[in-house]
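The values are calculated or read from the model by the stated rules, or taken from the named source; none is laboratory data. Computed from a predicted structure; not experimentally measured. Cβ placement follows ideal geometry from the backbone for every residue including glycine, while neighbour counts extend to all protein chains displayed. Note: areas computed on protein heavy atoms with side chains; ligands, DNA, RNA excluded. Shrake-Rupley method; radii C 1.70, N 1.55, O 1.52, S 1.80 Å.
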Amino acid sequence: MHDDLRGAMLAQVEAELSRRRLEQYNAYAKQRAFHAAGAKYSERLFMAGNQLGKTVAGGAEWAIHLTGRYPSWWEGAVFEKPVTLWAGSVTGESTRDNPQRILLGPPAVSEAWGTGMIPADAIKDYSRAMGVANLLDSVVVRHGGGGDVQAGESVLSFKAYEKGREKWQGPTVDGVWYDEEPPLDIYSEGLTRTNNGQRGQFSQMTFTPLLGMSAVVTMFLLPAKDASATARHVTNMTIEDAEHYTPEQREKIIASYPAHEREARAKGIPTLGSGRIFPVEEDAIKVAPFQVPAHWPRINGIDFGWDHPTAAVQLAWDRDVDCIYVIRAHRMREATPVMHAATIKPWGAWVPTSWPHDGLQHDKGSGEQLAKQYAAAGLKMLRDRATFDDGSNGVEAGLMDMLERMQTGRLKVFSNLDDWFQEFRLYHRKDGKVVKAMDDLLSATRYALMMKRKAIVRPVEASTSRRGWEPLDAEVGY
């Protein structure tokens, strides 16, 4: 009898906890970063591997907005009035089995609804959809979490991409959640519905990028040079960021995926297939940062930009084994030479900097060459633009040099250089041609590699002026 009573009490506790999932939501660091981005960006993409928590994060955020029950740690967008939100996926079945399940609980029996992210006491009413068993059309949710949050009723509606663009037309809503990647026309139509919402345009996407560099992925990862790019944000979550797996479990899961899908399913990296310029496993070139020996020569590389970022890297060269290490990286758009130099000079004012042919171009305002402007800002710019030993400067030759070094273990990159690896993952060809987008740090790396013959060991202070490291009168001097 005692055991029966204990079992009944445990079952009662578990049942109560199952209806308080939102209170128990303890977001991982990457999930919190995704939520926080909503305070600044109107369009967000949570691009992650399989079973890492992306749909849970999307469901938790939608439940928070629908109920107005914002947790104390919340740094994301806040709606102070009841909201009208949409959530959708590829088909009616996938909408039911994923976003609806996360939000309301298992769909098989309505008695289980209330065991999802939307608390049971917040579900006021619902209506069923036609054609798909246990799929809901809409849910009325009680809104009002105290404080400045207005009490009232929020409305959640479910959608499916397969129904076509017309089904995504309709009244204004406050936000749209796309769980799984939508076609571009569906994404655009849904986003348009939010134009006059409480926050203006507001959307979130959660998916594993198995469709590769599709139109939607490209729009977020390789944005056009217009104002819309500043409205979009990408949070990438890999299996290493999923705190519910042990190292042994991660290893086993990664090994279970087909090789051609491994990076997409485990790391949320778009499948690029034969289009990848560097078809090399990321872990093969990644190394933990370490103290670089003083006798290793160093050189910087810079790629000039304005609307696309100016980027710079620093390389250290272990001549004994001919291995190049990318040890520092900097990337920033719409900044002056003085601003970039303020970041790069602390890497070592004595380090020479390699630069491309467009450094010879004259600034329209000052009439001075770009390379000389950076020299005037304090960087030790090399006298001549980046070329190979024979005087050539072909892009393909530079890429092949980088690829060969990666494949033979002679090019390594410090693991903390996230921006560098972001570009590495997405660098690809289309119709045989290199896609010139999101390649700024990789280009800077290529320029530095081309001029590695100019890499130097830090000179002693007394010989600095005699050796010519300081350019005279802002001339490009070394």
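Listed values, structure above:
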| item | result |
| --- | --- |
| Condition broken by residue 382, with the remaining ones in (1) modelled with pLDDT of 95 or more; (2) open to solvent by 50 Å² or more (accessible area, probe 1.4 Å); (3) not hydroxyl-bearing (Ser, Thr, Tyr) satisfied | (2) |
| Count - residues of segment 303-316 that are buried (at least 22 other Cβ atoms within 10 Å of the Cβ) and either under 21 Å from residue 404 (Cβ atoms) or acidic (Asp, Glu) (or both) | 3 |
| Filtered residues of segment 19-56 (kept if more than 22 Å from residue 104 (Cα to Cα) and among the aromatic types (Phe, Trp, Tyr)) | 41 |
| Filter result for residue 265 (open to solvent by less than 50 Å² (accessible area, probe 1.4 Å) and of a type in the set (Lys, Arg)) | no |
| Strands (runs of 3 or more DSSP E) within segment 63-162 that include 2 or more residues closer than 27 Å to residue 36 by Cα and open to solvent by 40 Å² or more (accessible area, probe 1.4 Å) | 152-160 |
| Complete set of residues in segment 337-349 that are open to solvent by 50 Å² or more (accessible area, probe 1.4 Å) and closer than 10 Å to residue 374 by Cβ | 338 |
| Those residues of segment 363-375 which are aliphatic (A, V, I, L, M) and either open to solvent by less than 20 Å² (accessible area, probe 1.4 Å) or modelled with pLDDT of 95 or more (or both), in sequence order | 371, 375 |
| Condition met for residue 307 (modelled with pLDDT of 90 or more and either touching a helix residue (DSSP H, G or I) at 6+ places or on another chain (Cβ under 7 Å) or of a type in the set (Asp, Glu) (or both)) | no |
| Meets criteria (among the hydrophobic types (A, V, I, L, M, F, W, C) and touching a helix residue (DSSP H, G or I) at 6+ places or on another chain (Cβ under 6 Å)) for residue 140 | no |
| Of residues in segment 163-200 being acidic (Asp, Glu) and without any contact (Cβ under 8 Å) to a residue 40 or more places away in the chain, the one most open to solvent (accessible area, probe 1.4 Å) | 166 |
| For residue 177: the one exception among (1) assigned to a strand (DSSP E or B); (2) under 21 Å from residue 71 (Cα atoms); (3) touching a Lys or Arg at 6+ places or on another chain (Cβ under 7 Å) | (3) |
| Count of residues meeting criterion [crowded, with 19+ Cβ neighbours inside 10 Å, in contact with a Ser or Thr (Cβ under 8 Å, 6 or more places away or on another chain) and not polar (S, T, N, Q)] in segment 271-302 | 3 |
| Qualifying residues in segment 37-80 (those that are under 16 Å from the mean Cα position of the chain (by Cα) and among the basic types (Lys, Arg)) - the one nearest to residue 208 (Cα to Cα) | 54 |
